[in-house]
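Here is the structure we will look at.
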Ligand SMILES: [Zn+2]
């Protein structure tokens, strides 16, 4: 396992265990499971977008959480959450 691998696993494990996520994402759902997405602002326009339900995660530089979500894991909501 390389140092990069260890760092990637650390980021994934840490980010999945954080309960307090900043950045509410309106009108965007996970494109894999349609559940709500969460975003964490890492400063300097970097957002970590995650879907806690299916365990996917992505990083993107964007102007806001919604833009980061749509650039990565998100799709516009077209149906109500059930
Ligand atoms: Zn999902």
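Each reported figure results from applying straightforward, stated rules to the coordinates on display, with no laboratory input. Because the structure is predicted, anything quoted here is derived from the model rather than measured. FYI the Cβ positions are ideal-geometry reconstructions off the backbone, even for glycines, and counts take in every protein chain you see.
Points worth noting:
- Over region 1-72, equivalent-ellipsoid semi-axes from the Cα gyration tensor in Å: 20, 14, 11
- Using C-alpha pairs under 8 Å with a sequence gap of at least 6, the mean separation divided by the residue count of the chain gives a relative contact order of 26 percent.
- With Cα atoms, 0 to 90° folded angle of helix 3-17 axis to the chain main axis: 40 degrees
- Each stretch of four or more DSSP H residues adds -39500 (n - 2.57); spread over every residue of the chain, this sum gives -8000 deg cm²/dmol at 222 nm.
- Each peptide in 45-52, 10-17, 67-74, 32-39 was scored by the mean count of other Cβ atoms within 10 Å over its residues; highest first, the order is 67-74, 45-52, 32-39, 10-17.
- Gain in span if fully extended, residue 35 to residue 18, counting 0.36 nm per residue against the direct Cα distance: 4.3 nm
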